[in-house]
Structures are given as C-alpha cells and as structure tokens.
Amino acid sequence: MAGLKLPKFKTMSIEQEVFTFSNPKFVYIPLISGNDMNLTVLTKKGEYVKKGEIIAKRKGNFRIPIHASVSGKVIDFVEKTYLTGEKVKCVVIENDFKEQMERQYEPKKLISTYTKEEFLALLQDNGVIGMGGAGFPTYVKYESKEKIHTLLVNAVECEPYITADHVVIQKYCEAILETIDAILEINGIDEAIIAIKKTNIELKEIFDRYIGTYLKVKIAFVPDIYPMGWERTLVRQVKHVEYRTLPIERGIVVNNISTIYAIYEALKYNKPVMERFVTFTGDGLKNPRNVLLKVGTSAFEVLEKLEIDAREYIVVAGGPMMGDAILDEELVITPNLNCVLVLKKGLEDIETTCLRCGKCVEVCPAKISPVMIRDHLKDPGYLSRLQPLKCVECGLCSYICPAKIRVRESVREAKKIVKERAKCKSLS
C-alpha cells in the first residue's frame, strides 16, 4: 500500500479547550464555489443583509448558494486570499452584532422523515459542501440514479496537526450518528461505515458509547498512514474495490465527518453552513487549539486573538502536506478550510539535483511518476500521457524527496498545462 507513517503533532491542539470567536467586526465572504468564481451576486454596497441570507449563487452546474454569516451592512467588495493562495473577490459585511436571522431555524423532531427530493433540496439550498478540503457540493453525490449501497464516512483525518474533525466527533457524536441513520433511511442505503484510524482509541471509545442502537452503522479501523484519508485509498482499503472516476460507480458515497454534521444542521434546523471548527496549530503557537469561527472571519484576526504576530512566522492554509503557504495577511475562513498552521521560520531547504532514486514514485498513492511529470513540463503532448490529473496533491513526493525538490508544485503546474491543452483542443 502506497503511503507513509508520518509524525502526528495532534495532541497539542486536542488537549486545549475549544475557543469560540463569534464577534469579528467584519467578515469577508469569498465569492467562489468549488473552483468557480463566475457567480451571480445578489447584494450590493450599502444594503443590509441578515444572517443566513443568500448573497450569491453559482451560475453553472452544481448551483450552490453562498450565505451571509453575520447580520450587518455590505460596505465593500474586496479581494482576499483563498485557501489555495489565490485572490478571490469577497463581500465585506460590517457586523452589527445583532445576529438578525434571515429566518428562524426551528428544529425538526424526526430528521429521517424527509423525502429524497426534500433531502437534496435542503443540502443544496443550505450550501452544504465537502468540508474536508475539496468543497464539492454534497447534494450532487446523492443525486445519482445509481443505487447507493454504502455510505462511507471519512473520520480518518490523516494529515499531521489537524484535529478539527476530532473535535466535531467529541462534541456531536450523537447528532452525527442520528444523521447517518437518517441519510440511510431517506436514500435507501444498505449500510454506513465510519472509517477511523486503528490507533485512535479515543474516537473508538466515543463511538462505542452510542453506536449500539444504530444497527446499520459500523466502524472500520484503517492503517495509520498518510494519505489514508484520500477518497480512493479509503474506498480501496475499506470496501476492497476500485473505481474509474467516482465512488458512486460502485454504489458508494463518501462524506467527511464535518460534512455529516453540516448535513445534520441542514436537516434538523434548515440551517446554512455559516461556521466551522478550524485547527490553529503549529510550533509557532503557544496554545494551539481548535477555534469555532464564522465563515469569512480573517484568519489573521484570530491569530491576533491568540497573541501571535503572524508576520514573524510561516502561515499555511491547510495542513503541512496539502496546504499552501500564505504570503500576505489576507486569508479568510471558508467552509472547506480545516486548519491554519503557524510554523517557526528556519533555514530553507536547498533544492539540489534529482538523484533519480524513484522514491516519489514508490510513495505515490495515485500510481503516477511525479519525477517524469516534472521532467516533461515543456512537452504538453507527452505530459498528458503521464496522467498528472490523477494527482491528489497529497505532497508525499515533496516530503520524501532527498534532493528537497518541490515535486508537488511541478505536478500541480502540469495539471494546469494539461487542462489548458484539453480546453484549447475542445475549442478548435
């Protein structure tokens, strides 16, 4: 099995109390859905918006709305930094701290009584997306006409440092199990499997307290290696099957554990995604911890609350393997950002000549050759044959490289080249 056992660095944030920061003076709601920035904006400068109000919608496929996370006046449209390091246009809302709601979120007693159509509509209307990082619209996974046999719940959280999902399970285990059971009932799914690392005894004990009454839900223990949380690796490990493009080809839907809780809030309260837990951690923080934040909060404002001058450190959006270094102070919290990593500055690794050792090929979970892709960036035709689009950007190739070559960045560049070439061919 391709992958590596990595240092964890997780106890530093798990052992601290969760911090709630619910009163930012401004929020900056990014106008992006997946990778799509072609949105219809439904508000304008000077307008008053309520918490939960739709302020933008995606135009094309997978139409997911974007909601205000506070009530207040729209004062501007500015560019801020998205988790990929890209600049994204944002709606700036000045928080009036009144928490004026767009609608009342009355609880539903039985969340398993929705029809399939109502279920899909609730997920879509409330902007539920993959909260493990991908940001893919969740309702689309259940929209398939294929029979769904298995719901695979990803609670692996295999990347070092990150514990946001861990906290969600600690706090909301009963709600999570209730939601999984409701998803099975509404969609006629045969079973649910919650995947956790076999070394995570604490999570096993938490689930054991409640899971007995949920006969269609079971726990699967997976090896503690990275990137076990990658969808394809997880399906292969737990269900022992392969698929070509998507797990639904084998009757499987995969949801991250934080996404399951977002589904719970949609089903129970008809509530949009307006906040999430983010792990603020790393050797640059005195007290690493998980923080409950409103979407659109400035990550650097949170670091100030944690008494850190981020300019003196390296700040990474995401974990150390898949995250991106942020070179300014503009990063904002989004539903699919699970970690802000703060690292002490040290000597930069000096890149040397490739040793042709093949280690990047050995560890690659996508079974491609990162070094060959890097070598053929100037040959788009041959590059396509090397299948860089299969890359999940896990970062193992860069991590393992004895020459300190930033291989992941080369493969990421190759993906852009191949996509652009395909686009040009389709237009010609």
Problem set entry | Rg(Cα)/(2.2 N^0.38 Å) for the range 275-387, N = residue count | 1.37
Exercise. Using a basic spin-label model with each label point 7 Å from the Cα along Cα→Cβ, how many nm lie between Glu79 and Lys416?
Worked result: 1.4 nm
Exercise. Taking the range 286-341, which trypsin sites (Lys or Arg not before Pro) meet the DSSP loop condition and have no more than 16 other C-beta atoms within 10 Å?
Worked result: Lys286
Exercise. Which GluC sites (Glu not before Pro) in the range 217-326 pass both tests, a DSSP loop state and at most 11 other beta-carbon atoms within 10 Å?
Worked result: Glu242, Glu307
For this session: With a Förster radius of 25 Å, plug the Cβ-Cβ distance of Arg244 and Glu117 into 1/(1 + (r/R0)^6) and report the FRET value to the nearest 0.05.
Result: 0.30
Problem set entry | Length added when fully stretched, Lys216-Leu42, from 0.36 nm per residue minus Cα-Cα | 58.4 nm
Exercise. Using the reciprocal of the averaged 1/r over all distinct C-alpha pairs, how large is the Kirkwood radius of the range 116-269 in Å?
Worked result: 15.5 Å
Problem set entry | Full-stretch length increase - Leu355, Arg236 - with 0.36 nm per residue and alpha-carbon distance subtracted | 39.7 nm
Problem set entry | Residue-averaged [θ]222 nm for the chain, counting only DSSP H segments that reach four residues, each worth -39500 (n - 2.57) | -8500 deg cm²/dmol
Exercise. So how compact is the chain: Cα radius of gyration and Dmax in angstrom?
Worked result: 21.4, 63
Exercise. Rg and Dmax of the range 218-274, using alpha carbons, in Å: what are they?
Worked result: 13.9, 37
Problem set entry | lysines whose Cα lies under 17 Å from that of Lys390, excluding same-chain neighbours fewer than 8 positions away | Lys367, Lys415, Lys416, Lys419
For this session: Treating the Cα atoms of the range 66-120 as identical point scatterers in vacuum, please give the log10 of the normalised Debye intensity I(q)/I(0) at q = 0.20 Å⁻¹, two decimals.
Result: -0.84
Problem set entry | Residue-span extension gain [Met372 to Asn35] - 0.36 nm each, minus C-alpha spacing | 118.6 nm
Exercise. How long are the semi-axes of the ellipsoid equivalent to the range 376-425, from square roots of 5 times the Cα gyration tensor eigenvalues, in whole Å, largest first?
Worked result: 22, 10, 8
For this session: Please tell me which of these pairs span more than 31 angstrom C-alpha to C-alpha: Lys80/Lys197; Lys145/Lys271; Lys51/Lys108; Lys25/Lys57?
Result: Lys80/Lys197
Exercise. With no solvent and one point per C-alpha, what does the Debye sum give as log10 I(q)/I(0) for the range 300-344 at q = 0.16, 0.22 Å⁻¹?
Worked result: -0.37, -0.72
For this session: Could you compute the FRET efficiency for Lys108 and Cys424, with r as their C-beta to C-beta distance and R0 at 60 Å, rounded to 0.05?
Result: 0.75
For this session: Assuming R0 = 56 Å, can you tell me the calculated FRET efficiency for the pair Ser144 and Lys25, based on Cβ-Cβ distance, to the nearest 0.05?
Result: 0.85
Problem set entry | Residue-count net charge about Ala56 - beta-carbon cut-off 12 Å; Lys, Arg +1, Asp, Glu -1 | +4
Exercise. When we measure straight from the Cα of Lys286, which aspartates and glutamates land under 18 angstrom away, once same-chain ones fewer than 8 places off are left out?
Worked result: Glu15, Glu17, Glu301, Glu304, Glu307, Asp309, Glu312
For this session: Could you work out how far the C-alpha centroid of the range 242-313 sits from that of the range 9-83, in angstrom?
Result: 13 Å
Seminar exercise, completed: Burial-style ranking of 148-154, 65-71, average other-beta-carbon count within 10 Å with highest first, yields 65-71, 148-154
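Every number in this text was worked out from the coordinates using simple rules, so none of it is lab data. Since the model is a prediction, treat every value here as computed from it, not as a measurement. Cβ sites come from the backbone with ideal geometry, for glycine too, and all protein chains shown count toward neighbours.
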